[in-house]
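Some notes on the structure that comes next.
Derivation of every value follows stated rules applied to the coordinates shown; laboratory data play no part. All of these numbers come straight from a predicted model, not from anything done at the bench. Using ideal geometry, Cβ is built from the backbone for each residue, glycine included, and neighbour counts are taken over all protein chains shown.
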Amino acid sequence: MRNFLFVFLLSVLLSGCVSEQDLTLETATSRALDKVPVCGNDLETFNKVNDSQEKEDGFLITIQQDCEPIDGEGPQMRSDYTCYVTNNEVKIVKDNN
């Protein structure tokens, strides 16, 4: 019984350590891109990361979004989004559209 308890505590400890992840630029960028809304009105969405800055507890990611008609003809709309990404949340802090 004592060995069983030891194995159980060891597995809980190891699974807790494995699930803790440091936020990397790659994961922060992916989470920011997921947060930016897609273009409406049957427009195609093109997102491009323009800038990324590491802050004390997260990343500031700037995304340029182009919305174009699917057939490629007509006006193009451009928007810029700045997202602040931490381990706990993704927040759009600046929206220029």
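Here are a few things to note about the model shown:
- Sequence-distant residues sharing a close amide H with Val36 (under 5 Å, placed H): none
- Computed from phi, the 3J(HN,Hα) profile of segment 61-78 under the Karplus parametrisation 6.51, -1.76, 1.60 (θ = phi - 60°) reads 10, 9, 10, 9, 10, 10, 10, 10, x, 4, 7, x, 9, x, x, 10, 10, 10 Hz, with x in place of Gly and Pro.
- Spin-label pair Lys35/Gln64, simplified geometry with 7 Å Cα→Cβ offset, distance in nm: 2.1 nm
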